[in-house]
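Asks: Could you have a look at this structure, given as structure tokens, before my questions?
The values are calculated or read from the model by the stated rules, or taken from the named source; none is laboratory data. For clarity, every value in this text was computed on a predicted model and none was experimentally measured. Cβ: placed from backbone, ideal geometry, glycine included. Neighbour counts: every protein chain shown. Keep in mind that these areas ignore ligands, DNA and RNA; they rest on the heavy atoms of the full protein, side chains included. Shrake-Rupley method; radii C 1.70, N 1.55, O 1.52, S 1.80 Å.
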Amino acid sequence: MGNNVMLQAFEWNLENNGKLYVQLKQEAKQLKENGFDALWLPPMFKGTGQNDVGYGVYDLYDLGEFDQKGTIRTKYGTLKELKELIDELHKYEIKVYADIVLNHKAGADYSEEFAAIQVDEEDRMKEISDVYNIEGWTGFNFPGRNQKYSAFEWNFQHFSGVDFDQKAGTEGIFKIVGENKEWANDVSEEKGNYDYLMFADIDHKHPDVQKELLNWGEWFVNFIEIDGMRFDALKHIDISFIEQFIKHIEKNVERDFYFFGEYWVYEESKKSNYLYETKYHTDLFDVAFHYNMVEASVNGSNYDIRKIFDGTLTKEHPMMSVTFVDNHDSQPGQALESFVEGWFKKIAYGLILLRKDGYPCVFYGDYYGINGEDPMKGHKEMIDQLLQIRKQYAYGQQDTYMENENLMGWVRHGDDAHPGSLAVLVSTGDSGVISMFVGKDQAGKIYTELTNNNDHEVEINDKGFGEFEVGPGTLTCWAEKTQ
Ligand code: CA
């Protein structure tokens, strides 16, 4: 991915005004200049209602085109605006990644009666009722779309579980009972079996479901010209199906296509297994790295910064890792709330943008800010600065200096097209100095700090070392003085 950077182009609390596509279209040129090479767009499907962030998918074929769930547009705009946005992004050579929600469906058109058994929420292999008939919301016939693009209709046989029995008015997790009805066996083993996440859980073992979703994928990638897919909720979907789906897309799309996914789990070992089983066809978000950064930001000088890469995907499988500081789920108030604290954001973005490994993803909320009851300011200026530094200097060989529990640094030595070195320092405690080697050919050169964080000049000695400084709890970036 070279020195590419992607932007996660949404946060959870965006206003429901249908303006995101138009806004991003207006900013496309500027976003490219600022250093973004790809945009990960929010789920673009019609959800449970207009205000749905997109993960409560009702109809995968409705990208803001049909009058369904009380609205034609989605939270982000109409199909026409989406297509115009994609054209504009491509004009500036920005790739477009779609967020694909294949685990579940929501907002059924009608309920049905079928046999089910209730399971323990904390151990889904433990059945806690007899088999009995419930009334679940599993019927989808999409009257507003009137069979355009696909005549497929969904019923309870295409699902493996639901969370509500209309008849008794009971909430819980109900496993649908019938022939070949069992939780998928190649999903996360958390909670006994983590096939079920929310809404009506799609049964990816069902041959009709497989056929329909493969048809849909083929239609989707050719109907709108996307360049990649971000899989939502991978740990709840049969690995075998994802593998089949990726192969099918690769066969049916005539352009470079990029797959990455969300497998939200801490333990590195589980992610490595997952990568192995998907035959490395999909990159994954480095969730462990995110958690390490959260821990470092919460514990400050009590955190040993030398552990920051321990157990991360970036360390174990650098070519498969999508690095991120925060996202729509980790932001305050959301399902996986674990937010990197403000003072650490610059350090965190330095860690993902200025080092060699990982494909960095900048979060909309960190860039533009977060909306809602407790709005939060973005760090656009700081991130733009680091993006420019990445594009200009963050190339070539990397040497890391783990000085002590609160002080680290690294040097990028540049390459033929980007000569010169970049020295970066991070302090999570007091101010500090690290003597770092930037190259014998740099001897006698004067280095200055690039983010207006230090006015000193550093002269590189005849052995090629500079004595670089960093203040308390921040990050500095040094390169040869240009003027
Ligand atoms: Ca599932």
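Asks: What's the number of the only condition in (1) surrounded by fewer than 15 Cβ atoms within 10 Å (Cβ to Cβ); (2) polar (S, T, N, Q); (3) in contact with a helix residue (DSSP H, G or I) (Cβ under 8 Å, 6 or more places away or on another chain) that Gln397 fails to meet?
Replies: (3)
Asks: Working only within segment 179-190, note down all residues that are touching a residue at least 60 places away in the same chain (Cβ under 8 Å) and either closer than 20 Å to Gly56 by Cβ or open to solvent by 50 Å² or more (accessible area, probe 1.4 Å) (or both).
Replies: Passing the criteria: only Glu190.
Asks: Can you find a residue that is open to solvent by 30 Å² or more (accessible area, probe 1.4 Å) and in a helix (DSSP H, G or I) anywhere in segment 366-380?
Replies: Within segment 366-380, one or more residues are open to solvent by 30 Å² or more (accessible area, probe 1.4 Å) and in a helix (DSSP H, G or I).
Asks: Given segment 418-483, what strands (runs of 3 or more DSSP E) lie entirely inside it while holding 1 or more residues that are touching a residue at least 24 places away in the same chain (Cβ under 8 Å) and open to solvent by 70 Å² or more (accessible area, probe 1.4 Å)?
Replies: Answer list for segment 418-483: 432-437, 465-470, 475-480.
Asks: I need the full set of residues from segment 184-224 which are within 16 Å of the ligand (Cβ to nearest atom) and in contact with a Leu (Cβ under 7 Å, 6 or more places away or on another chain), in order please.
Replies: Within segment 184-224, Ile202, Leu213 qualify.
Asks: In segment 257-267, is there at least one residue being surrounded by 15 or more Cβ atoms within 10 Å (Cβ to Cβ), more than 13 Å from the ligand (Cβ to nearest atom), in a loop (DSSP other than H, G, I, E, B) and more than 19 Å from the chain's Cα centre (by Cα)?
Replies: Scanning segment 257-267 turns up no residue that is surrounded by 15 or more Cβ atoms within 10 Å (Cβ to Cβ), more than 13 Å from the ligand (Cβ to nearest atom), in a loop (DSSP other than H, G, I, E, B) and more than 19 Å from the chain's Cα centre (by Cα).
Asks: Can you run down the residue pairs with Cβ atoms below 7 Å, 6 or more apart or on separate chains, where the first is in segment 218-238 and of a type in the set (Gly, Ala, Ser) and modelled with pLDDT of 95 or more and the partner is open to solvent by 10 Å² or more (accessible area, probe 1.4 Å) and not in a strand (DSSP E or B)?
Replies: What qualifies is Gly228/Phe257.
Asks: A follow-up question, please. Quick check, is Asp201 part of a strand (DSSP E or B), of a type in the set (Asp, Glu), buried (at least 20 other Cβ atoms within 10 Å of the Cβ) and out of contact with any helix residue (DSSP H, G or I) (no Cβ under 6 Å at 6 or more places or on another chain)?
Replies: Judged against the criteria, Asp201 is a match.
Asks: Which members of segment 405-417 meet the condition of being over 29 Å from the mean Cα position of the chain (by Cα) and touching a residue at least 24 places away in the same chain (Cβ under 8 Å)?
Replies: Glu405, His413
Asks: Going through Gln392, Gln385 one at a time, which residue ends up being open to solvent by 60 Å² or more (accessible area, probe 1.4 Å), of a type in the set (S, T, N, Q) and within 25 Å of Gln8 (Cβ to Cβ)?
Replies: Exactly one residue qualifies, and that residue is Gln392.
Asks: Can you tell me which residue within segment 225-247, out of those that are more than 16 Å from the ligand (Cβ to nearest atom) and either open to solvent by 10 Å² or more (accessible area, probe 1.4 Å) or in contact with a Pro (Cβ under 6 Å, 6 or more places away or on another chain) (or both), is farthest from Glu190 (Cα to Cα)?
Replies: For segment 225-247, the residue satisfying everything is Glu225.
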